[in-house]
1. In degrees between 0 and 90, to the nearest 10, how far off the longest principal axis of the chain does helix 46-59 point, with axes built from Cα atoms?
2. Taking K and R as +1 and D and E as -1, what net charge do the other residues with C-beta under 12 Å from the C-beta of Ala237 add up to?
3. Report the net charge of residues surrounding Leu156, where surrounding means a beta-carbon distance below 13 angstrom and charges are Lys +1, Arg +1, Asp -1, Glu -1.
4. Rounded to the nearest 0.05, what FRET efficiency do Arg243 and Val211 have when you use their Cβ-Cβ distance and R0 = 25 Å?
5. Let me check I've understood the local charge: for Leu37, count other residues with C-beta under 10 angstrom from its C-beta, Lys and Arg +1, Asp and Glu -1. What total comes out?
6. Could you run the Karplus curve 6.51 cos²θ - 1.76 cosθ + 1.60 with θ = phi - 60° over region 275-281 and give me ³J(HN,Hα) per residue in whole Hz, x for Gly and Pro?
7. Apply the Karplus curve 6.51 cos²θ - 1.76 cosθ + 1.60, θ = phi - 60°, to the phi angles in region 203-215 and return the couplings in whole Hz, x for Gly and Pro.
8. With θ taken as phi - 60° and the coefficients 6.51, -1.76 and 1.60, list the Karplus ³J(HN,Hα) couplings across region 115-129 in order, rounded to whole Hz; mark glycine and proline as x.
Amino acid sequence: MSYHHRPFRSILYIPGDKQRALDKALTLDCDGIIFDLEDAVGIDSKAGARETLAAQLGSADYGRRAVLVRVNGHGTQWHEDDLKAICAIGPEAILLPKVDSAADVERLAAVLEQYENCADTKIWAMMESPLGILNAQEIAAAPRMAGMVVGSNDLLKDLNATQTPERTALVASLGTCLLAARAFGLVCIDGVYNAFKDEDGLAVECAQGQVMGFDGKSLIHPAQLAVTNEVFSPSDADIDLARRQVAAFEEAEASGKGIAVVDGKIVENLHIVTARKLLAMASVIVAAGS
Ligand code: COA
Ligand code: MG
């Protein structure tokens, strides 16, 4: 399935050393998993997490879920060992933290070239530093790039900004990532919502991200999955409207017209592209049973 016909609504972080959570994820309704060796793992557990995760990914089958491994960043004492252990498995994707420039991605791409197993391995970038956001365009254009994940906690820290429900401080960075991702055909995933027991607050933040154009949201707890999947799935009303738009446009075309009107709004060719995309995604989601 191509990246563009695959849902990326809910992408769950799992600390690489939490065996119980690694197993639990086999049954969770998430579109993707970020198996984390970086900030979710304490310094004393780094080596153990790497072994646990490599063993798990070598044996368990996560089915339709996207499998991303977040390694420790270049310049840390764990980076090379992480890559050795993870590249041997040939993962679907490596999520590189704290990407500042295209050179960071190129360096990882050159390493992946050395592993036969990694011929198809994609690179995803954590967008979480001011320099990374400013260089979003060159990062998006770098080799093997397939997706971006906003690291909102790191960004707030480096921006000297304050977290608010409207995310005023982050809007410029979120928009910049989306521009870069869309310009180069990448998946774009919104940052996490820290208060994992606050479902209403999560729903508001998911809706904000969905309106901006994100494919989905990164999550920290299974309790966040249902709300997120719902917000990022086409609603029944969306599907109904899209079907009516397609039907009305096809009828208009058949009588030699280029424009139809549905619910008092004009429908042109470009709206039909969006409507068809929405209907295709809705069928993929139904087929995935979620
Ligand atoms: N992925 C998969 N399963 C998870 C999970 C996750 N991120 N977080 C919790 N679970 C599981 C637990 O293992 C537990 O399973 P069980 O019923 O089989 O025992 C169940 O969900 C309930 O967990 P709960 O007790 O509510 O959470 P907790 O107190 O154990 O953990 C956190 C809370 C926030 C520490 C934990 O959710 C976590 O580590 N999240 C990921 C954090 C992370 O990766 N951060 C880095 C990126 S920001
Ligand atoms: Mg981070």
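The numbers here are math on the coordinates, done by the rules we state, and not lab data. Note that the coordinates shown come from a computational prediction; the quantities given were computed from them, not determined experimentally. Please note: Cβ atoms are built from the backbone with ideal geometry, for glycine as well, and neighbour counts cover all protein chains shown.
1. Here the helix axis deviates by roughly 50 degrees.
2. Values: positive: Arg243, Arg244; negative: Asp236, Asp238, Asp240, Asp263.
The answer is -2.
3. Numbers: positive: Lys157, Arg167; negative: Glu128, Asp154, Asp158.
So the surrounding residues net to -1.
4. On the way: r = 22 Å, r/R0 = 0.88.
So, using R0 = 25 Å, E works out to roughly 0.70.
5. Working: positive: Lys46, Arg50, Arg70; negative: Asp17, Asp36, Glu38, Asp39, Asp81, Asp82.
It works out to a net charge of -3.
6. In residue order, the calculated couplings are 4, 5, 5, 4, 5, 5, 5 Hz.
7. After applying 6.51 cos²θ - 1.76 cosθ + 1.60, I find 4, 5, 5, 4, 5, 4, x, 5, 5, 5, x, 5, 6 Hz.
8. Using θ = phi - 60°, the values come out as 10, 4, 4, 9, 3, 9, 5, 8, 10, 10, 10, 6, 9, 8, 10 Hz.
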